[in-house]
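First the structure, in the form of structure tokens, and then the observations on it.
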Amino acid sequence: MNVIETFRTGTEAVVAHRLRSALTVLGIMIGITAVILTVGLGEGAQQQVSSQITALGSNLLTVTPGSTTSSTGIRGGFGSASTLTVADATALNSKVVAPDIGTVAPVISTNASLVAGTTNWTTTVVGTDPSWLTVRGRSLTEGRFIVSHDVTSKANVVVLGATTAQQLFGARDPIAQTVNIAGQPMSVIGVLNTVGSSSGSSTTSDPDDQAIVPLTTASSLLFSGASRNSVSQILIQATSAGTLSAAYQEADAELLSLHGITNSAAADFTITSEAQVLSTATSVDKTLTVLLGGVAGISLLVGGIGVMNIMLVSVTERIREIGLRKALGATPRVIRRQFLVEASVLGTVGGVLGAILGLIGAEVLPHFITDPITISPVAAAGAIVVAIGIGIAFGVYPAGRAARLAPIDALRSE
Amino acid sequence: MTTPIRQSNGSMASGSDTSPVWIEPTGTFPVNRAPVIEARDLWKTYRNGTLEVDALRGVSFEIQSAEYVAIMGPSGSGKSTLMHILGCLDVPTSGSFRLAGEDASTMTEEELAHVRNKRIGFVFQQFNLLASLSAWRNVELPLLYAGVDRTERKRRALDSLERVGLESRVDHRPGELSGGQQQRVAIARALVTNPDLILADEPTGNLDSASAADVLHLLDELHVGGRTIVLITHDAEVAGAAQRTMRIRDGQILEAEMVGMAGTGR
């Protein structure tokens, strides 16, 4: 009996037992779909994180007030709520002290209510200077950004994030409109480009929902008392990714000296690299992928054991058929092959259907969840190969049992 | 096409695996005078734990080509065991058993499968048709295992079904056929490889009397056409259809009756 005939006989048996075959295929299918989707989710998350690293710039440092110690956790600065000042930022911007630091942007931020006509929207108000745009790597869709003159003259101007503009003005053009921030009327001069929400990282708030005002305007109008000259963050962009650690050391040394601190362990500020945070996020995502992949792998194994189960039941149920085929001249090898073909057909059909379902799921699911799914063709092909392998591997034992049945015992059974 | 498939020297026709030679199941069947079955002192012992049961105790007989022999005995007489050995479904514990000149008592499972495929056509009490296959697909099964190509299989299967008068039912599944028709499909399947021996095990056991008479008449026709038939039954009336009856009891052959033409008992 040649390969084609063996294949035909095996396939016919699969078709003849439709319900049983369908259930087996379903088991394999779910396993394969699970593998493709979970691996896709993990890969999607990783890609998102790495694209965020690129977007943020890997040469960005953030200086925040206060420091962390191993024993007490976060420690506030000496004497006041915030120890970072505009003067610190100006000092860091010096090419002499810090040659590896490219651009510096001091940032004050707070949450405030924005009112435009009758519309009210609470968002993050950021007070900064013109270099913020470069450091953050942003651009404008319309209007202009804050210029030096706005900072020196404490101009009442504001640049809105795309989401903020949409919330306050809807479809209307926000340029030259007036927004009241903490009771102060501000003229809208520009709208930021859209960068999309960053669900993968908790270190930044929604970059499309914020209002940017000149640093001086923010400190005099929106903040009071001692915090007037302090800033909540200093953003530092190194001249390149390669000089990031040099920039880090220069900033650290300069700030320690400015603050009169000799012991670096007692520093009243913390410098973090965004890339550092994101690489941690990436490794977390990788761990998640491995975990999810493991769970999916187990479901695939369960599917494989399902195939073995069905094939064993099939052997028991079909003792008479096997006996008859043997009486008519089928050798043990032919019987074994028939059952192997049946198991592999089930595995293959389940694998292909599972891959198709996985691809459909990868198209449909992102519309309902925020996370992207990246399908790797290698994973899909691998899953199909694994499904066929499972069919064969878990079909061998039942096939062997079927082949060993004595024809007389088989024919006698009722 | 009148080439006889039997080989007088008795060795297995190894070339027939690749180029099987088939002759038409027609009345012009060449009669070969060499015995189809030669059984010499067959013993079969079953072991059930420490208990040993002799199902056959030294059975010897010959069946000539074109004979129609009934083997008759009550249940527990050893007739099923004998049938399994005659059908190459089992091998004897001792003694020699030659089928169409080949010693089947020492064959491996693989060799027995080939012998069953080429030399024997089975007709069972339970019909043993595959429910998922149409009549002609059931009939072609032995040819499938013999490695015959698809078009040739279909042609032979249809010929065989025509021989048993079921040419109008070739595409029906067993479930759509009456018991008598199913048994005729089974006979067509037994004929399709043009075997040396047709082994019928209680072929009328599950049939009403009209269908039973029909099947016995068909076997009779095949015998007249030159087929060698061994009929196993417990029913004396059914056994009466054969030329010769061998009675078996307690694993031994009691007597051999001659009805009509040649053949020797013990």
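With a ≥ b ≥ c the root eigenvalues of the C-alpha gyration tensor of the range A:77-267, is it rounded (a/c under 1.5), prolate (a/b larger than b/c) or oblate? Prolate shape, in that a/c is at least 1.5 and a/b is the bigger ratio. Given R0 = 25 Å, the distance between the Cβ atoms of B:V53 and A:E317 translates into a calculated FRET efficiency of 0.25. Between the C-alpha center of the range A:127-157 and that of the range B:168-233 there is a gap of 99 Å. DSSP beta bridges confined to the protein assembly as shown are antiparallel in about 70 percent of cases. Long hydrophobic helices in chain A, taken as whole DSSP H segments with a C-alpha length of 24 Å or more on their own axis and mean Kyte-Doolittle hydropathy at least 0.0: A:18-56, A:274-317, A:332-364, A:377-404.
Counting each DSSP H run of 4 or more residues in chain A as -39500 (n - 2.57), what helix-only mean residue ellipticity at 222 nm follows after dividing by all residues, to the nearest 500 deg cm²/dmol?
On the way: 12 runs with 214 residues, N = 414.
Rounded to the nearest 500, it is -17500 deg cm²/dmol.
Suppose the chain between A:V396 and A:D173 were pulled fully straight at 0.36 nm per residue; how much longer would it get relative to their current alpha carbon spacing?
That pair, A:V396 and A:D173, stretches by 73.2 nm at full extension.
Annotation: extensible slack from B:D41 through B:D171 equals 42.2 nm (criterion: 0.36 nm per residue apart, minus Cα-Cα distance).
Just so you know, all these numbers are worked out from the coordinates, no wet-lab data involved. Keep in mind it's a predicted model, so treat the numbers as computed, not measured. Glycine also receives a Cβ, built like all others from the backbone with ideal geometry; neighbour counts cover every protein chain displayed.
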